[in-house]
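Student: Structure incoming, see below.
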Ligand code: HEM
């Protein structure tokens, strides 16, 4: 409904505002026949797209899709849950999951339906905005406040009498309204319309704000698309004190460059983790017992052609190097496990067990260098103090005050490459258990002919390195959005007329200040009263109606509308 | 005072102190509302009741603020870190801004009771998610967080007030329509009664004597007609079902079946009781235009806050997690709420949709707000799962 506002403008006051140019040009008759049918259909679709109701339906559809995304787990977010839904371990069951899969409900925002809706919304937005923007520019350039024949019922009206001449009154009113930044138009009066100063305000900012708000969607969309193309994200885990990684394509474990991201965009600095600080509320009786209170990495960065320097990464303070940002993603304990068979070292390295619900960590050691292979199932407990009888008691506490490494040793074929297994999983189908033991840091133990030792405990941290050059554009889009929204919702379009009627016999001028607001009438009532009072003061009014001694009452009930009795001096 | 004592104090200030003060103040105000159409001496009593209600409300707000402060000191951080704290602050913002607007901007202090009733409801709901004071996870410890969270909390509180206005609008509108329809049936199109009594709350007893008696009898009959115009059973069932759209979350997430059913019923029946009470008060409500305007303006304001709050959240996510938006359940929920209220604003700007339809969209948007808030916190858990239930 791009022209609704304009039409309202035409019908709002009694005389047609001849001063305003027609906003829409007349359509020429189009072609007929088959071409005409196509043209008509396109025009009809375009007009449908332009309707406010259409936008409403689309918002509803967008809301529905989002609702689906709220209830159904989304693959990009929680792929494991989606996998459980698919296999029937969780969720409403396999058949339902199949249907959900078929309609793309597991990845709503990547589905064709969503893209189609987005496209349609942007089309509708465009269809809506083109005429609105054209009309707006015409309004800004050409519009003049319309004149009025007599105050109408719908108007807020106040009158007063003054000895000043109409010219002086109009000039003063012009000053007052200029100071208040109204758009003005003087009319000297003719047989049909009285002499008056017509003024208007707010028509540019309200509609302009709304346009800016809607236009910001294009900026946001463009920024997001460009962002997708130019972004880069890489992930990598690092153990304290161990060699880190360098910023290059090959050193990331998970590497997701956008299409326009080039390998030469890497900065090739070297990254090392010196120490990772993590702490909790350890007192079980303190408020929030067990909650973490700190995650902080002390790191060393070596630029490709410079001196190494120390830096810090905190939960909410990522490290910025050039255009890239390093954030902490996750962390865990990294026990160093050495495995020797017949005095020969077959494994020596830090393992990175994953945390479990039970508060302990699970991992595996795989040593295919031995013959037959050695595999250790590892359970790591950060806090397993001894009880009175000297036995370790595993607890769920995450702090490493009494670390214990529990393992079960296996020999046989590890099936590496034959079956799917992650680094922390051990496929025991072809293995034989030879018993297990527990170790404290610095200890070693021999099980069968295998000696396992746990010389030290460190920590590992998973980092994400990202580069998002489109963020400033996105911020600009957000700024436009808010900057447009506020005037779109709060600016109010209003008109005011200062009419004069000279009574030469009495030597006085009757001044009528009348006006109306299209939005926010209460605020306008105050403004109207203020303008009237200012003008009455400036021209030394002799009597006013309503009397100006009712400050604070803005109900408008005391402003008489339409034909009224007038106090004469 | 030790932190434990502070925690104890904050708990006591919250419940029963604040809760009871709000509730009593609400009922005193609602009583005062029933006197506005009565005799001179009744109106005098109403004025006195309103004064008492005002004192109780101020005491309630003071206790509420004191609770927030005590809780803040007990845990050495802003009390905005979990659902209980957020909801409690949402109630505080809603009550204070609602009372302020009605008292000083709108100058309709007789409506304060509804705001206080709404505040009590939200406070009661927060009790269902009570959590002991404690420190914050480090990821939440940044100035982005209070900025983002407090904007959204303020918006939620204001949306809640708008929900009440929309509900009251629908009640009043339904009642007026019913009365107009029955008039039409009886006197063939004469709506004189409805027109003249539409402004009931302004009708004061101007003279003593028979005219006054007649007028009052007439007004009482009109009040009865308005009340009769609201189908009670339909209202109760509708509110029960409508609330269930949100409160099912407790059914499926509570540890015990009995606990879940208990919470579910507590919420639903409270809402039904509130609706029936509001229905009884329908004749004393301001005009539909006033209620509609209040709803629109509150939603407009909250929409701006919500927009800025969501943007701030995206900025925080960019800083904390290295991505500004990931369709995490909470992000999805806040987006959905935003779209729903944008739908309301569009509906208001569309000819032929405004009025009752827009009010229904507003109600639906609030259901979306509460629903996504609870779902994202209880049912599906994503990165934002710091809620500490
Ligand atoms: C589908 C594409 C859209 C179209 C065609 C559209 C169209 C319009 C139009 C014509 C108006 C002016 C209403 C008037 O004052 O007469 C408007 C206002 C508005 N639109 Fe949209 N819009 C679209 C999408 C959106 C979206 C996605 C949002 C945000 C969630 C949004 C939020 C608003 C707001 C807040 C207003 C101001 C309402 C008011 O003036 O009271 N719009 N829109």
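Student: With a Förster radius of 35 Å, plug the Cβ-Cβ distance of residue A:41 and residue A:90 into 1/(1 + (r/R0)^6) and report the FRET value to the nearest 0.05.
Tutor: Details: r = 48 Å, r/R0 = 1.36.
Step by step, r from the Cβ atoms, then E = 0.15.
Student: Considering the Cα trace of region A:211-251, what is its radius of gyration and what is Dmax, both in angstroms?
Tutor: Taking only Cα atoms of region A:211-251, I get Rg and Dmax of 18.2, 56 Å.
Student: Calculate how steeply helix A:52-71 sits against the longest principal axis of the alpha-carbon atoms of chain A, using the helix alpha-carbon long axis, and give the answer as 0 to 90 degrees to the nearest 10.
Tutor: The two axes meet at around 20 degrees.
Student: Another question about this same structure. What number, in percent, do you get for the relative contact order of region A:34-141 if the mean sequence gap of Cα pairs under 8 Å and at least 6 apart is divided by its residue count?
Tutor: Reported relative contact order: 32 percent.
Student: How many nm separate the modelled label positions at residue B:356 and residue A:443, each set 7 Å beyond the Cα in the direction of the Cβ?
Tutor: Placing both labels 7 Å along Cα→Cβ, they lie 7.8 nm apart.
Student: Using Cα pairs under 8 angstrom and six or more residues apart, how large is the relative contact order of region B:1-135, in percent? Present the calculation step by step, with values, prior to reporting the outcome.
Tutor: On the way: 170 pairs, mean separation 45.7, N = 135.
Across region B:1-135, relative contact order equals 34 percent.
Student: For chain A, take the longest principal axis of its alpha carbons; what is the angle in degrees between that and the long axis of helix A:112-142, to the nearest 10 within 0 to 90?
Tutor: 30 degrees
Student: Looking at the P(r) of region B:263-359, how many percent of alpha-carbon pairs lie beyond 18 Å?
Tutor: On the way: 3009 of 4656 pairs.
Result: 65 percent of Cα pairs exceed 18 Å.
Student: At 7 Å along the Cα-to-beta-carbon direction for both residue A:307 and residue B:245, put a label point, then send me their distance in nm to one decimal.
Tutor: 6.5 nm
Student: So what is the diffusion coefficient of region A:106-226 in µm² per second by Stokes-Einstein at 20 °C and 1.002 mPa s, using a Kirkwood Rh over Cα pairs? Mind showing how you got there, number by number?
Tutor: Working: Rh = 18.6 Å.
Translational diffusion coefficient: 115 µm²/s.
Student: Moving on. How do A:373, A:262, A:190 line up, fewest other C-beta atoms within 10 Å first?
Tutor: On the way: A:373 19, A:262 12, A:190 9.
Result, fewest neighbours first: A:190, A:262, A:373.
Student: On full extension of the chain, what length is gained from residue A:275 through residue A:430, given 0.36 nm per residue of separation minus the C-alpha to C-alpha distance? Intermediate values should be presented prior to the final figure.
Tutor: Working: separation 155, 0.36 × 155 = 55.80 nm, distance 3.92 nm.
Stretched fully, the residue A:275-residue A:430 segment lengthens by 51.9 nm.
Student: Given labels modelled 7 Å from the Cα in the Cβ direction, how far is it in nm from residue A:228 to residue A:154?
Tutor: So the label points at residue A:228 and residue A:154 sit 4.6 nm apart.
Student: As I understand it, the value is the acute angle between the Cα axis of helix A:33-50 and the longest principal axis of the Cα atoms of chain A; what does it come to in degrees, rounded to 10?
Tutor: 80 degrees
Student: In whole Å and largest first, what semi-axes does the C-alpha gyration tensor of the protein assembly as shown yield when each eigenvalue is scaled by 5 and square-rooted?
Tutor: In descending order, the three semi-axes are 65, 36, 27 Å.
Student: Looking only at other chains, what is the average number of their beta-carbon atoms within 10 angstrom of each beta-carbon in A:71-80? The partial results should precede the final answer.
Tutor: Working: counts 5, 1, 3, 7, 0, 2, 9, 6, 0, 0.
The shielding value for this peptide is 3.
Student: Which semi-axes, in whole Å and largest first, does the equivalent ellipsoid of region B:1-135 have when worked out from the alpha carbon gyration tensor as the square roots of 5 times its eigenvalues? Kindly include the intermediate steps, with their values, before the conclusion.
Tutor: Numbers: eigenvalues 204, 34, 26 Å².
For region B:1-135, the ellipsoid semi-axes come out as 32, 13, 11 Å.
Student: So what's the convex hull volume per residue for the Cα atoms of chain A, in Å³?
Tutor: Numbers: hull volume 159.7 nm³, N = 569.
With only Cα atoms used, chain A gives 281 Å³ per residue.
Student: Separate question: Need the full-extension length gain, residue A:142 to residue A:503, defined as separation in residues times 0.36 nm minus the C-alpha distance. One decimal, nm. Working shown, then result.
Tutor: Details: separation 361, 0.36 × 361 = 129.96 nm, distance 3.51 nm.
That works out to 126.4 nm of additional length.
Student: Going by how many other beta carbons lie within 10 Å of each one, how would you line up B:29, A:252, A:109, fewest first? Kindly include the intermediate steps, with their values, before the conclusion.
Tutor: Values: B:29 26, A:252 21, A:109 18.
By the 10 Å Cβ count, ascending: A:109, A:252, B:29.
Student: Any idea what the alpha-carbon Rg over 2.2 N^0.38 Å comes to for region B:5-45?
Tutor: Numbers: Rg = 16.2 Å, N = 41, 2.2 N^0.38 = 9.0 Å.
The reported ratio for this selection is 1.79.
Student: Against the empirical 2.2 N^0.38 Å scaling, what ratio does the C-alpha Rg of region A:232-467 come to? Write out the running numbers ahead of the final one.
Tutor: Numbers: Rg = 19.8 Å, N = 236, 2.2 N^0.38 = 17.5 Å.
Dividing the Cα Rg of region A:232-467 by 2.2 N^0.38 Å gives 1.13.
Student: Find how much the distance from residue A:473 to residue A:61 grows on full extension, using 0.36 nm per residue of separation minus their present alpha carbon separation; answer in nm with one decimal. Don't jump to the answer; show the numbers that get you there.
Tutor: On the way: separation 412, 0.36 × 412 = 148.32 nm, distance 2.76 nm.
Gain on extension, residue A:473 to residue A:61, equals 145.6 nm.
Student: Ranking request for peptides A:525-536, A:430-441: highest mean number of other beta-carbon atoms within 10 Å first, then the rest in descending order. Please list the in-between numbers first.
Tutor: Numbers: A:525-536: 20.2, A:430-441: 15.3.
Answer by packing, highest mean first, reads A:525-536, A:430-441.
Student: While we're on this one: Using Stokes-Einstein with the Kirkwood hydrodynamic radius over Cα pairs, what translational diffusion coefficient do you get for region A:345-404 at 37 °C and a viscosity of 0.692 mPa s, in µm²/s rounded to a whole number? Numbers along the way, then the final one.
Tutor: Values: Rh = 12.9 Å.
D, rounded to a whole number, is 255 µm²/s.
Student: From the P(r) of region A:34-141, can you give the percent of Cα pairs sitting at distances over 17 Å?
Tutor: 65 percent
Any read-out appearing in this document is the output of simple, stated calculations on the displayed coordinates, not a laboratory observation. The model shown is predicted, which means the values in this text are computed figures rather than measured ones. No Cβ is skipped: glycine too gets one built from the backbone with ideal geometry, and neighbour counts run over all protein chains shown.
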